[in-house]
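Down below is the structure, laid out as structure tokens.
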Amino acid sequence: MNFILNYIPWAPDPVMISLGSFEIRYYSLCFALAFILGYAIIHRLVVKEGENPKLLDSFLIYVVVGTIIGARLGHCLFYDWAYFSKNPLEIFLPVQFKPNFQFTGFRGLASHGGAVGIVLALILLSYRQKKSIYWYLDKLAVVVPLAGMFIRLGNLMNSEIVGDPTNLPWAFQFKLMDESEGDPMAPRHPTQLYEAISYLATFAFMFWYYGKKHGKVLHGHLFGIFLIIMFSFRFILEYTKINEGISEEAVLNMGQILSIPFVLAGIAIAYLRHKPLAPTELKK
């Protein structure tokens with residue numbers, strides 16, 4: 001109990017299994033679990049609704065590719081363009097060329113970019129499968145918060161996306177954090193846990209709300225509600241984070257600026273799609 005009152009030391013090895021040059025990191029495991037569990041939940045919803053599960057074969061591929069490409073470009077363009085504008089190949093390759101060549105994996109994935117990437121991928125998929133994009137987005141509205149929880153837990157194991165210094169008794173000392181983010185020994189907000197908890201609560205609500213509203217309102221209403229809740233949490237919790245991608249003097253940081261359009265879009269979609277669903281629209 002004493003160490004809790006004097007802040008929580010946090011220095012886990014981000015590598016779960018190491019076999020020579022082959023490594024399995026906790027972040028990679030969390031990322032994989034996000035997709036596996038998300039797919040399983042959506043599959044259950046589709047079968048329960050009497051839809052054809054084969055629709056999900058292409059759906060998973062499009063979502064995975066859209067997420068990774070969008071999240072990677074989002075990070076490079078909005079959070080670290082000063083670096084990647086001088087090292088453009090590192091945007092697309094999992095390596096670092098300077099000061100020494102090394103395999104790094106894709107360090108840096110932005111959730112806002114991932115969201116845009118998913119929507120663009122599903123626009124293409126809905127066109128090819130002749131099915132409303134809102135049908136897909138409503139399914140994602142249930143599982144994306146759960147995926148967000150796993151990814152933030154992966155960030156916690158990597159000691160990244162750390163919070164501002166604080167004297168709260170549950171503050172973490174991220175001993176393995178990047179020193180460019182500040183003093184590793186300073187007690188900080190465990191913003192990764194804050195977000196993980198908020199996303200888990202969002203998942204629980206969306207799962208319940210889906211069961212309550214699906215088949216009663218137009219497809220897309222659930223997705224609008226998801227955008228409002230998810231990015232409102234993100235906006236609020238950004239106040240506990242280190243300011244990224246913008247000057248320290250700015251009133252809002254980059255994460256908050258990027259969250260505002262998603263919240264506004266969610267309000268518009270939830271309002272416009274909150275209409276009784278006609279029987280002929282149920283399976284579109």
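How would you classify the stretch 1-82 from its alpha-carbon gyration tensor, with a ≥ b ≥ c the square roots of the eigenvalues: rounded for a/c under 1.5, else prolate if a/b is greater than b/c, otherwise oblate?
Judged from the Cα gyration tensor, the stretch 1-82 comes out prolate (a/c at least 1.5, a/b above b/c).
Quickly estimate the mean residue ellipticity at 222 nm for the chain, helices only: each DSSP H run with n ≥ 4 gives -39500 (n - 2.57), and the total goes over all residues, rounded to 500.
Calculated at 222 nm, the ellipticity per residue is -18500 deg cm²/dmol.
Calculate the FRET efficiency for R44 and K98 from the Cβ-Cβ distance with a Förster distance of 35 Å, rounded to the nearest 0.05.
Computed FRET efficiency for R44 and K98: 0.15.
For the stretch 48-88, with the dipole built from +1 on Lys and Arg beta-carbon atoms and -1 on Asp and Glu ones, taken about the Cα centre, which of F59, N87, G70 lies farthest toward the positive end?
So the residue furthest toward the plus end is N87.
Taking all pairs of different Cα atoms in the stretch 181-256, averaging 1/r and flipping that mean, what Kirkwood radius in angstroms comes out?
Every distinct Cα pair counted, the radius reaches 14.6 Å.
Starting with the fewest neighbours, write out L156, L140 ranked by other beta-carbon atoms found within 10 Å of each beta-carbon.
By the 10 Å Cβ count, ascending, the order reads L140, L156.
Going by Cα centres, the stretch 182-221 and the stretch 5-58 are how many Å apart?
16 Å
If each residue's Cβ is checked for other Cβ atoms within 10 Å, how do Y239, Y136 rank with the fewest at the top?
Y239, Y136
Given P169, H189, M149, which one lies farthest toward the positive end of the charge dipole of the stretch 143-205, if we put +1 on the Cβ of every Lys and Arg and -1 on the Cβ of every Asp and Glu?
So the residue we want is M149.
Compute the FRET efficiency between T166 and A11 as 1/(1 + (r/R0)^6), taking r as their Cβ-Cβ distance and R0 = 25 Å, and round to the nearest 0.05.
0.85
Which of rounded, prolate or oblate describes the stretch 107-238 when judged by the alpha-carbon gyration tensor and an a/c cut-off of 1.5?
Note, shape of the stretch 107-238 comes out prolate.
All of the numbers you see were taken from the coordinates with simple rules; none came from a lab. Keep in mind that this is a model prediction, so the values were computed, not measured. With ideal geometry, Cβ positions are generated from the backbone for all residues, glycine too; neighbour counts draw on all protein chains shown.
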